[in-house]
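Enquirer: First the structure, then my questions, so here it is.
The values are calculated or read from the model by the stated rules, or taken from the named source; none is laboratory data. Bear in mind that the values here come from a model prediction, so they are computed numbers and not experimental data. Cβ placement follows ideal geometry from the backbone for every residue including glycine, while neighbour counts extend to all protein chains displayed.
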Amino acid sequence: MVDFSLSENDERILDAMREQSRVVRRYARYYDDNENELPPDALPEVVNFRSPYKDVEFEEGIDTPRHVLHVLVSAIQAWGDYGVLMKRIGEGLGNGVLTAAGTDEQRARWQRCTLAIAMTEPGCGSDPKSIQTTAVRDGDEWVLNGEKIFVTAGCRAEGVVVAATVDKNLGYKGIKPFVVMKGMPGFEVSHREKKMGIRADDTATLLLNNVRVPGDHLLGACDDSAAGFRAIMTALNRNRPVVGVAGVGIASAALDFTREKLKEEGIEIVWGVGKQGRSAVQQELIEIEADIEAATLGLLHAAWVSGGNEWKARPTSIAKAKAGEVARTATQRCLALLGGLGLSREYLVEKWFRDARITDLYGGTGEIQRLIIARDILGYSSAELP
């Protein structure tokens with residue numbers, strides 16, 4: 001039976017995460033204002049904290065399964081800040097492709113490196129099958145040419161998994177993942193993007209100009225199967241709930257702040273009466289909270305049905321689409337309720353409004369998620385429902 005009620009151990013873990021997130025939030029405005037600086041891998045206060053799971057022994061049948069509880073833990077982490085972390089793990093999206101497609105030797109070689117993933121191009125966003133970056137075989141090497149944009153952790157990462165086509169005639173089957181490490185001749189981080197939100201999270205443009213990589217930097221086989229492309233899409237699918245969870249955390253931060261400020265003005269939610277017994281502001285607060293709760297439940301359900309293994313496409317896309325939409329609309333509605341206070345840089349709510357916008361875009365836009373859902377329900381292929 002699906003059960004999302006929280007045990008005492010669950011509450012202890014979430015309380016510990018909230019304590020960390022309150023400290024992290026102190027750094028949020030600084031790294032928003034100073035976009036050229038990367039947050040450290042660990043904050044000075046890290047010595048005062050341990051993993052929220054530390055010393056909490058899991059009790060089967062009583063505590064929430066860890067892969068489900070992690071949804072709430074990650075949301076609280078984003079409630080503190082999206083880009084600043086108490087301690088950063090040494091993995092990027094590219095590590096997921098390495099795990100899915102790499103050989104044992106390749107995993108052993110690069111698993112300790114932080115690998116970003118480079119998919120998006122100036123002429124290729126939501127349709128990865130249109131990738132133009134090429135990889136041409138030359139003896140025992142591959143020669144890569146192309147431009148990649150909006151690469152998350154492109155500055156911080158030690159290397160990048162680049163999606164490139166070995167044969168455009170093969171379509172998506174010709175798209176293969178290649179590991180390109182920093183320092184390789186012809187590989188350049190062109191610039192770091194200046195963004196509307198999530199400014200602490202580095203996003204880069206990468207240039208590949210006749211970059212020569214050894215043959216064993218190709219993850220998987222060079223054949224006419226779609227294995228390489230599937231490995232890339234699997235990594236992106238795994239990241240979708242992460243993006244959705246972040247959106248829920250940001251929206252919750254905005255709602256908490258809004259409730260606090262309205263309470264100072266004597267406005268609190270009145271329960272036990274219908275809409276006719278509440279003011280428009282009180283009703284709006286209830287509806288925002290309900291939306292966030294619905295998005296959270298969608299993410300918890302997606303985690304539950306995954307069983308701690310591979311995230312399933314339809315529930316994951318449903319959760320991502322809902323969470324991204326709620327993150328965008330909830331923060332906007334909070335901003336409207338606060339009026340001029342919401343626009344002031346004295347408070348973080350305007351930052352949360354900016355940060356939330358990306359959660360409905362990257363990792364697959366809300367429109368793309370709805371397309372994936374429709375194909376799955378109707379049993380259509382991408383060719384039948386493009």
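Enquirer: Can you tell me which residue within region 117-161, out of those that are touching a strand residue (DSSP E or B) at 6+ places or on another chain (Cβ under 8 Å), modelled with pLDDT under 95 and of a type in the set (S, T, N, Q), is surrounded by the most Cβ atoms within 10 Å (Cβ to Cβ)?
Expert: Only one residue fits best here, namely THR152.
One line per residue, one yes/no per condition, for (1) under 22 Å from ARG370 (Cβ atoms); (2) in a helix (DSSP H, G or I):
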residue	(1), (2)
MET233	yes, yes
PRO241	yes, yes
VAL245	yes, yes
ALA251	yes, yes
ASP256	no, yes
LEU262	no, yes
VAL273	no, no
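Enquirer: Among all residue pairs at least 6 apart or on different chains, which show Cβ distances below 8 Å where the first residue, located in region 10-29, is closer than 16 Å to ALA254 by Cβ and in the same structural domain as VAL73 (by TED's automatic domain parsing) and the second is part of a helix (DSSP H, G or I) and among the charged types (D, E, K, R)?
Expert: Correct list of pairs: ALA28/LYS351; ARG29/LYS351.
Enquirer: Take the residues of region 194-231 that are over 27 Å from PRO315 (Cβ atoms) and part of a helix (DSSP H, G or I): which is nearest to the chain's Cα centre (by Cα)?
Expert: Taking the candidates together, the pick is HIS217.
Enquirer: While we're on this one: So PHE187 fits all but one of (1) touching a helix residue (DSSP H, G or I) at 6+ places or on another chain (Cβ under 7 Å); (2) buried (at least 20 other Cβ atoms within 10 Å of the Cβ); what number is the exception?
Expert: For PHE187, the exception is condition (1).
Enquirer: Condition (residue is small (Gly, Ala, Ser), modelled with pLDDT of 90 or more and either within 23 Å of the chain's Cα centre (by Cα) or surrounded by fewer than 19 Cβ atoms within 10 Å (Cβ to Cβ) (or both)) applied to region 64-74: is it met by at least one residue? Can you show your working first?
Expert: Here is the first cut: in region 64-74, the residues small (Gly, Ala, Ser) are 74.
After this cut, where a residue has to be modelled with pLDDT of 90 or more as well, the list is 74.
Keeping just the survivors that are either within 23 Å of the chain's Cα centre (by Cα) or surrounded by fewer than 19 Cβ atoms within 10 Å (Cβ to Cβ) (or both) gives 74.
Within region 64-74 (the criterion being small (Gly, Ala, Ser), modelled with pLDDT of 90 or more and either within 23 Å of the chain's Cα centre (by Cα) or surrounded by fewer than 19 Cβ atoms within 10 Å (Cβ to Cβ) (or both)), the answer is yes, since at least one residue qualifies.
Enquirer: With VAL56, VAL73, VAL47 as the choices, which residue is outside the structural domain of THR316 (by TED's automatic domain parsing), within 17 Å of ALA16 (Cβ to Cβ), aliphatic (A, V, I, L, M) and out of contact with any helix residue (DSSP H, G or I) (no Cβ under 9 Å at 6 or more places or on another chain)?
Expert: Values: VAL56 fails: out of contact with any helix residue (DSSP H, G or I) (no Cβ under 9 Å at 6 or more places or on another chain); VAL73 fails: out of contact with any helix residue (DSSP H, G or I) (no Cβ under 9 Å at 6 or more places or on another chain).
Exactly one residue qualifies, and that residue is VAL47.
Enquirer: Looking only at strands (runs of 3 or more DSSP E) that lie completely in region 131-172, which have at least 3 residues being over 14 Å from VAL189 (Cβ atoms) and of a type in the set (A, V, I, L, M, F, W, C)? Full working, then the answer.
Expert: Details: elements: 134-138, 141-152, 159-165.
Per the criteria, 141-152, 159-165.
Enquirer: For the subset of region 30-63 comprising residues that are under 26 Å from ALA302 (Cα atoms) and either among the charged types (D, E, K, R) or in contact (Cβ under 8 Å) with a residue 60 or more places away in the chain (or both), which member is surrounded by the most Cβ atoms within 10 Å (Cβ to Cβ)?
Expert: Taking region 30-63 first, the residues under 26 Å from ALA302 (Cα atoms) are 51-54, 56-63.
Keeping just the survivors that are either among the charged types (D, E, K, R) or in contact (Cβ under 8 Å) with a residue 60 or more places away in the chain (or both) gives 54, 57, 59-60, 63.
Details: LYS54: 9, GLU57: 7, GLU59: 10, GLU60: 6, ASP63: 18.
Step by step, filter region 30-63, then rank; the result is ASP63.
Enquirer: Here's a check for you: in region 10-21, which residue that is surrounded by fewer than 17 Cβ atoms within 10 Å (Cβ to Cβ) and out of contact with any helix residue (DSSP H, G or I) (no Cβ under 7 Å at 6 or more places or on another chain) is nearest to TRP79 (Cα to Cα)?
Expert: Only one residue tops the list, namely GLU19.
Enquirer: Right, here's the next one. Please tell me if ASN309 is surrounded by fewer than 16 Cβ atoms within 10 Å (Cβ to Cβ), among the polar types (S, T, N, Q) and modelled with pLDDT under 95. Quick ask: steps written out before the conclusion?
Expert: On the way: surrounded by fewer than 16 Cβ atoms within 10 Å (Cβ to Cβ): yes; among the polar types (S, T, N, Q): yes; modelled with pLDDT under 95: yes.
When the stated conditions are applied, ASN309 passes them.
Enquirer: Follow-up question, since we're still on this one. Given the structure, is VAL84 surrounded by fewer than 19 Cβ atoms within 10 Å (Cβ to Cβ) and at negative phi? Break it down into steps so the answer makes sense when it comes.
Expert: Numbers: surrounded by fewer than 19 Cβ atoms within 10 Å (Cβ to Cβ): no; at negative phi: yes.
So VAL84 does not fit the description; no.
Enquirer: Pairs needed: first member in region 357-386, at positive phi; second member anywhere, modelled with pLDDT under 90 and not basic (Lys, Arg); C-beta distance under 7 Å; at least 6 residues apart or different chains.
Expert: GLY363/LEU236; GLY363/ASN239; GLY364/LEU236
Enquirer: Tally up the residues in region 341-384 that are more than 28 Å from LEU93 (Cβ to Cβ), crowded, with 18+ Cβ neighbours inside 10 Å and at pLDDT below 95, please.
Expert: Of the residues in that region, 1 qualify.
Enquirer: Further question on the same structure: Within region 79-100, can one find any residue that is farther than 28 Å from TRP304 by Cβ and over 24 Å from the mean Cα position of the chain (by Cα)?
Expert: No, region 79-100 has no match at all.
Enquirer: Okay, moving on. Of the residues ALA254, ALA235, ALA295, ALA246, only one is under 30 Å from GLY83 (Cα atoms), in contact with a strand residue (DSSP E or B) (Cβ under 7 Å, 6 or more places away or on another chain) and not assigned by TED's automatic domain parsing to the domain that holds VAL162; which?
Expert: Step by step, each of ALA254, ALA235, ALA295, ALA246 is checked, and only ALA235 is under 30 Å from GLY83 (Cα atoms), in contact with a strand residue (DSSP E or B) (Cβ under 7 Å, 6 or more places away or on another chain) and not assigned by TED's automatic domain parsing to the domain that holds VAL162.
Enquirer: Sticking with this one: Restricting attention to region 119-166, and to residues there that are in contact with a Ser or Thr (Cβ under 6 Å, 6 or more places away or on another chain) and among the aliphatic types (A, V, I, L, M), which single residue is farthest from GLY220 (Cα to Cα)?
Expert: The selected residue is ILE149.
Enquirer: Could you list all residues from region 162-193 that are among the charged types (D, E, K, R) and under 21 Å from the mean Cα position of the chain (by Cα)? Reasoning before the result, please.
Expert: Filtering region 162-193 down to residues among the charged types (D, E, K, R) leaves 167-168, 173, 176, 182, 188, 192-193.
Those that are among the charged types (D, E, K, R) and under 21 Å from the mean Cα position of the chain (by Cα): ARG192, GLU193.
Enquirer: Additional query: Having 3 or more residues that are within 30 Å of MET119 (Cα to Cα) is the bar; report the helices (runs of 4 or more DSSP H) wholly within region 279-364 that clear it.
Expert: On the way: elements: 280-306, 313-338, 340-343, 349-356.
Passing ranges, in order: 280-306, 313-338, 349-356.
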